[in-house]
Structure formats: structure tokens, C-alpha cells
Amino acid sequence: MTQKSAIEKIWESHRIAPLGESNDLLLIDRILLHERTGGVAMQSLEDSGRVIRHPSHVFVTMDHVVDTIPGRSDTTQMPTGKDFITVTRDTALRAGVTLFDLGDPRQGIGHVISPEMAIVLPGATLVCPDSHTCTQGAFGALAWGIGSSEGEHALATSTLRVQRPRIMRITIEGEPGVGVTAKDIALHIVSELSSAGAKGFAIEYAGPVIRAMSMESRMTLCNMATELSAFTAFIAPDETTFEFLKDRAYAPKGEEWVRAVNEWRKIKSDPEAIYDEDIVINATDIAPTISWGTSPQQSCPINKRIPLFNEVSHRDTQESYQRALTYMGLTPGGRLSGLRIDAAFIGSCTNSRLPDLRRAAAILKGRRVAKGVNAICVPGSSAVKAAAEAEGLDLIFKAAGFEWRESGCSMCFFAGGESFGPKQRVVSSTNRNFESRQGPQTRTHIASPETVAASAISGCITDPRRLGART
Amino acid sequence: MKPLRQITSIAIPLIRNNIDTDCIIPSREMKSVSKHGLSEGLFAGWRYTEIGGRTPQPDFVLNDPAFADAQILLAGENMGCGSSREHAAWALSEYGIRVVIAPSFNPIFRGNCVRNGILPIQLKPQPLAESTGPLTVDLEACCISNEAGETWTFTLDDEARTMLLEGLDPIDITLKMLEEIESFRTHDAESRPWIYLGKASLT
Ligand code: SF4
């Protein structure tokens, strides 16, 4: 029998029909929408006189446009945000899909709440008009980001016409050091492979470091796959996965659970499976990592100097290197550590789950954010927020001088409303440091929540190990 | 969708690597819940002198009157990376771009182009940028030529090529297979009942 990777197995089990040389018609098990692009997709579907084929498989959240300040309503700081919210709500209600609206305790960032409710399941296909859908591949699902028209296609047919991706295995070996998290590993990988390093590939993350990771860390790692231009990322499910999903709202129950887990245990790559690319990364050598430029590939160890052009010329052009440094207000070979910051942001689908907040809180406890630093924490979901409050994390954040917000994407991206302001230097637990991503001309450094917390305390970019980061 | 067979136009050289969809259409320019009204926001961050303003940045190529009616855009590596927003393709299309030529594309952006009648051609743009006068892109022949008679060939997968040539809507094509899809689902529901939520149990 030919040896296959787990991704191929799931792909084949969802193939309804081949479409020409490299495309297949695939069954889509779950569709996740948000108010930024979901309303457009549902409305455009309505306008064309089509219906959602299987509304019970469609879930809609409010995360991108909604405000995150306490006491929020449909009126947003983003001009016209209200239209997005109301169109999404109205079309969702008309279509009979499941909506996690403002004020619903289940509301939150799509890629945080879908796992929380076991909407994503091992072996399933899930799509969402959002590039960070790859986050959910951490559950042994094939989950990938699509465009709005593809969203319409999925809604109308419960299928997608998709090009078969090539498959890359990234095996992570070694022993990550103290203070080195999944985020640091992800940034390290992007800086090694480049922003286009996995273009067209579905990545299977494998190896002992992955097996030892919590589901939250696996999600952080998979989340950043889109920064490698990957089709998606995937981690074969194991006991950690099942443990996480058990008893959650949409997980199978009773005998069906037992049967499902038995099936899910079979979702793994055959030992002799062939990969189009096979890469090994040693985690032992990775330090806490932070971005210095305007693309996630422009990242380096926090305790090192900004690379010189000749050190990165294999993936950056002289122009983009120089452009990035000018934008960030930095110089070649300059130090990152010690650079004064204006703001600190903990949030986003990369790093805003309960363990992320716990680790940041461990650093903040008993300390104060440096004067002049605008520090904000936005839990990834209303459920994360409630759980954090139940164990008193909110008090630690607030006592340290952090704002404690309602859940949503918030200032992970600038939608025309709230922003950090021109030339403000922000250390952020988010995933993109593009030009003006967090506000016009804002200078973003992406890093782990620990690094954000430590930098907020010191008022400058700070290696979290210096403030006692442990995990 | 408008079928695309042959386009003759000069090409706008915007050969920068990693042009992300935020650059193509900044979030702040996506003001309405609609696929329309986006062309003004195309490349807004580079095209205008200030954020939110509409004063043209004189040295930005889109503002060069020579390229006013161009339908071809030349870009660098990893074109359309970043956010999956389809607004990037909608904005390009509304602006009048029918062909984007780049050495490599982000896959989501590439798919969005095809679905919106824009032909993504994977080709090194420099030789095309150096050629003077208009280019003719012929999708039937998968070939680009200039007035001097130089030609460049390209490849495109069958599915994308047919959709573009015929101006087809993929949803209509797929809906023709509805019976096959539903029988696949019925069969699948037996082996994976937990996927099929139906009206059933949310406990
Ligand atoms: S948190 Fe940021 S990256 Fe994640 S879905 Fe929201 S806007 Fe996108």
C-alpha cells in the first residue's frame, strides 16, 4: 500500500470528484464567518438568489470590526463598522446559521472560539474567509483561509474547488530553552524559511516538541503558517487533542465520542510517507524572537543585533531591507533590546488564550508598566475573559497598569477606527508587523506575550528571561 | 464575469516584493459592506500624500498619466501576501486591471484574482517592464507579446484558464453536481455522524 501523509488521507476522504489535473471538489464540513467578510459573502449570496445549503454547519462571530472597550455596542470607532455588524447579524438570522453575537458569552475571535466549542474537529475540513484559519489545523483538521467568493461557494454548495497543495513536513526537535514559546519558534521558522517559504504547501508540524506542546501552543504555531504563505498547517491529533475537545459544546458525546476518538487515532501519517519538502528545525538553539522589520520574516533573536543586509540578502532585497528599517526608525546592526516603546499589546488569534494570559500575568504580577507606555490586554474570547477573571488574572493586569478589554481582534489590525498612532513603537503579541497594520505609520514588533509583558514593565524591548519568564 | 481572451495594454511597473493585500487596499479604505466602491482606495497608502487623503503622490506610478488606462500590472515576488481580503482583487478589477504578472503569488490572492476575472501570470516581470509600448496577453495561446515581436509564454491550470476564458461562475458549475455532492454526504454521515449537526443535539 502506498504510504500517505495524514493531510493526503483527510483530503482524499473529502474528495467528491477530481476536477482536472490538480484540482478536486472537496466536501467542506464547517464554515466559519466573521462580520468583516462574512456579511458581504452572505449578502452577495442572497443577492444572487442562492441559499446556504446546510446552515447547521455555518457559524458566525463578531470579532473584526466590533469595539473592545467595555460597554461596547453596535456603534464602532471604525467608521461604518455598524453596517458590517448589522448586515452580518441580519443576513445570519435570515439564513438560520449559528451566530455568536455581541453580548453572547460564546463570542470571540473565530480561531479562538471554534476550538473552544469543538466546532473544529480532527479529520474535518473547515474554511473561513480569514487567512489565519490555519490556526485550527492544530486539531488535526484541514482548515484553511479562503476569499469571500470562495466563501459564497462553500455556503451555496458545502464544497470547494481546490487545488491540491504540496506537502511539507517540519519536524521540530530538541528542547526549547527557558522563555522560548511556540511564538518564538514560529517567528524563528518564518525568519529561516522566509515569508514565501511554504508557498502553496500544506505544512505538517511533527516531532517531539510538538507532541509536548499544549493545544494552545500548537494553535500559536499553526497560526503563523500563513506568514510563510502556506496553504495551511496541520498537526496530527493525539491524546492532548482529545483531552482538549472532550465535553465541549459541539463535540460528539457518549458512545459517539468513543467512536469518533477511535477514528481520530487513525489520523496520522504513515511512517514512510513521502513529503514534497521535509525540514528539521532544532528548537534548542532558538532564543526569544522578535521582529525588527515590516514582515514577519524580518525577525531575529531578541538579544542579538538587527542583521546587516548581507546576513539577510538571501531573502530580502536591498530595497525592502532599507525600506523596513526606515519605516521602523532603526539602523543596520542596531540593538533591539533596550529600544524605548510607546505601547504594549497582548491579544489576537495568535496569543490571547488563557495560558498566554497566565504566562504574561506571571511576569506582570507585583510590577508596574513603565510610565508613558500604553498597555492593553484583549482576551481572545468572552470565555477566555471570564475564565481569566475567575482566577483573578484581570486584577493582575489592571494592577500592573494594563487596560483590560472585551474580546475581539481589536488593535491586531487597523480598520479605520482605533489605532496606536504614527511612529508609535508597539510590542505586540499579534502576527503581522506590516506597514500601518496597527495604525497609520505605527511601528510594530511582534513577539511572545511574555516579551510584551516584560517590555511593558521595562518601557523598552526586553528579553522576558530577565524578568523571570519560565516556560 | 467578463470573459478574458485577449488584452492589449501597457503595463504598470510596480515591481516590489511582498506587496501585501493591506498595501493593495488598506483596511481603512474598506468602508462598506460591498464589493464595489473600492478602486479609489487601491494602493491608497502609496497613491496619496496622506492617510485618508486624496491628493495624488506625484511620484507613484499609478499617478503617472502615461499609465492611466493600463489593464496590466507588473509586481514582485509573493504578490498579494497577507490578509485574505478579496477586496484586493475587487479593487484591482474595479480599477480596470485584468492581468497581474508576478514571479510568484500568494495562493489565496491568486484564487481571488481568478474568481474575479483577473488573470494571474507567474512570470518574471523585469523583461516585460523593459519592453516598450503595449503588451498583448493572449490567454487562449497562453502567450504575451510586444510590438517588437518578442514573446513570452506562461502556464495556467486548466480550471482557472477555463473560468477566465468563459467568464464562468464556479458556483453554477458546482451546483450542477449537487446530486453527487448530496449522495457523498449521505454516505459520509454514516461513517462520521458527529460532523452532521443537522437539527440535532447541542448539549
Ligand atoms: S486577531 Fe488579528 S490576525 Fe487574528 S483574525 Fe483577528 S485581525 Fe485577523
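Please name which of B:GLN57, B:CYS113, B:SER39 has its Cα lying farthest along the dipole of segment B:39-122 towards the positive end, using unit charges on Cβ (Lys, Arg +1; Asp, Glu -1) and the Cα centre as origin.
Of the listed residues, the answer is B:CYS113.
Return the FRET efficiency for the residue pair B:ASP157, A:LYS371: r is the Cβ-Cβ distance, R0 is 60 Å, and the value is rounded to the nearest 0.05.
My answer for the efficiency is 0.55.
Tell me which residues come under 5 Å, amide H to amide H, from A:PHE100 once H is placed; ignore anything under 5 positions away on its chain.
A:VAL60, A:THR61, A:MET62
Can you bin the protein assembly as shown into rounded, prolate or oblate? Criterion: square roots of the alpha carbon gyration tensor eigenvalues sorted a ≥ b ≥ c, rounded for a/c under 1.5, prolate for a/b above b/c, oblate for the rest. If you can, show how the numbers build up before the last one.
Values: a/c = 1.41, a/b = 1.08, b/c = 1.30.
Rounded shape, in that the Cα axes give a/c under 1.5.
Residues of chain A: accessible area per residue at 1.4 Å, in Å²?
32 Å²
Determine the calculated [θ] at 222 nm for chain B from helices alone, applying -39500 (n - 2.57) to every DSSP H run no shorter than 4 residues and normalising by the residue count; nearest 500 deg cm²/dmol.
-7500 deg cm²/dmol
Suppose a student asked you for the relative contact order of segment A:287-419, using Cα pairs under 8 Å spaced at least 6 residues apart; what percent would you report? Provide the component values of the computation, followed by the final result.
Working: 179 pairs, mean separation 26.8, N = 133.
Taking the mean separation of contacting Cα pairs over the length of segment A:287-419, I get 20 percent.
Suppose every K and R has +1 on its Cβ and every D and E has -1 on its Cβ; what is the size of the dipole of segment A:371-455 about the Cα centre, in Debye to the nearest 20?
400 debye
Mean residue ellipticity at 222 nm from the helices of chain A, using -39,500 (n - 2.57) per DSSP H segment of n ≥ 4 over the full residue count, to the nearest 500 deg cm²/dmol?
Here the helix-only value at 222 nm equals -9000 deg cm²/dmol.
In chain B, once you exclude exposed GluC sites (Glu not before Pro) (DSSP loop, at most 13 other Cβ within 10 angstrom), what's the longest stretch remaining?
The segment B:51-139 is the longest one with no such site.
Can you send over the carbon and sulfur percentage of the accessible area for chain B, probe radius 1.4 Å, protein chains only?
Numbers: 4340 of 8590 Å².
Whole-percent figure for carbon plus sulfur exposure: 51.
Starting from the residue with the highest accessible area, list A:ASP47, A:ASP394 in decreasing order, probe 1.4 Å.
Ranked from most to least accessible, the order is A:ASP47, A:ASP394.
Shielding of A:202-215 by partners, i.e. mean partner chain Cβ atoms within 10 Å per residue? List each step's numbers first, then the result.
Details: counts 0, 0, 0, 0, 0, 0, 0, 0, 0, 0, 0, 0, 0, 0.
Per-residue shielding by partner chains comes out at 0.
Of all trypsin sites (Lys or Arg not before Pro) in segment B:105-203, which ones are in loop regions per DSSP and have a Cβ with at most 12 other Cβ atoms within 10 Å?
B:LYS176, B:LYS199
In segment B:152-179, what residues drop by 30 Å² or more in accessible surface going from the chain by itself to the full protein assembly, probe 1.4 Å?
By number: B:ASP157, B:ASP158, B:GLU159, B:ILE171, B:THR174, B:LEU175, B:MET177, B:LEU178.
Can you pick out the pairs among A:LYS183/A:LYS304; A:LYS9/A:LYS266; A:LYS9/A:LYS183; A:LYS4/A:LYS268 whose Cα atoms lie more than 20 Å from each other?
The pairs that break the limit, which is 20 Å between Cα atoms, are A:LYS9/A:LYS183.
Can you list the HN-Hα couplings for segment A:375-380, worked out from phi with the Karplus curve (6.51, -1.76, 1.60; θ = phi - 60°), rounded to whole Hz and with x for Gly and Pro?
10, 9, 10, 10, x, x
Which GluC sites (Glu not before Pro) in segment A:289-398 pass both tests, a DSSP loop state and at most 14 other beta-carbon atoms within 10 Å?
Counting only loop positions with at most 14 other Cβ atoms within 10 Å, the GluC sites (Glu not before Pro) in segment A:289-398 are A:GLU391.
In debye, nearest 20: dipole of segment B:6-168 around its Cα centre with unit charges on the Cβ of K, R (+) and D, E (-)?
480 debye
Quick one: net charge of A:ILE28's neighbours, Cβ under 13 Å, K/R +1, D/E -1?
The answer is 0.
Would you grab the residues whose amide H sits under 5 Å from the one on A:ALA202? Only those 5+ places off in sequence or on another chain, please, with H modelled 1.01 Å from N.
A:ARG166, A:ILE167, A:MET168, A:PHE231, A:THR232
What angle do you read, to the nearest 10 degrees and between 0 and 90, between the alpha-carbon axis of helix B:178-191 and the longest principal axis of chain B?
That helix lies at roughly 50 degrees to the long axis.
Of the chymotrypsin sites (Phe, Trp or Tyr not before Pro) in segment B:5-103, which ones lie in a loop per DSSP and count no more than 16 other C-beta atoms within 10 Å? Please list the in-between numbers first.
Details: sites: B:PHE43, B:TRP46, B:TYR48, B:PHE60, B:PHE67, B:TRP90, B:TYR95; in loops: B:PHE43, B:PHE60.
For chymotrypsin sites (Phe, Trp or Tyr not before Pro) across segment B:5-103 that sit outside H, G, I, E and B with at most 16 neighbouring Cβ atoms in 10 Å, the list reads B:PHE60.
Evaluate the distance, in nm, between pseudo-label points positioned 7 Å from the Cα of A:SER313 and of A:GLU173 along their respective Cα→Cβ axes.
A separation of 3.2 nm, rounded to one decimal place.
Any lysines with Cα under 23 Å of the B:LYS35 Cα? List them, leaving off those in the same chain fewer than 8 positions away.
Within the straight-line cut-off, B:LYS35 pairs with A:LYS82, B:LYS2.
Give me the accessible area buried between chains A and B, both sides summed, with a 1.4 Å probe, in Å² rounded to the nearest 100.
5600 Å²
Counting only other chains, and only Cβ atoms inside 10 Å, what mean value do you get across the residues of B:108-118?
4
Of A:GLN424, A:SER217, A:ALA202, which is farthest along the charge dipole of the protein assembly as shown in the positive direction, counting Lys and Arg as +1 and Asp and Glu as -1 at C-beta?
A:GLN424
Please identify the helices of chain A, taking whole runs of DSSP H, that span at least 30 Å along their own axis as judged from the Cα atoms and have a mean Kyte-Doolittle score of 1.6 or higher.
none
What's the extension gain from A:LYS246 to A:LYS82 if we count 0.36 nm per residue and subtract their Cα-Cα distance?
Taking 0.36 nm per residue and subtracting the Cα distance, the gain is 55.4 nm.
Work out the length of the dipole vector of segment A:168-227 about its Cα centre, built from +1 on the beta-carbon of each Lys and Arg and -1 on the beta-carbon of each Asp and Glu, and round it to the nearest 20 debye.
160 debye
The values are calculated or read from the model by the stated rules, or taken from the named source; none is laboratory data. Since this is a predicted model, take the numbers as computed values, not measurements. Note that each Cβ is placed from the backbone with ideal geometry, even for glycine, and that neighbours are counted across all protein chains shown. In case anyone asks, the SASA skips ligands and DNA or RNA and just uses the protein heavy atoms, side chains included. Shrake-Rupley method; radii C 1.70, N 1.55, O 1.52, S 1.80 Å.
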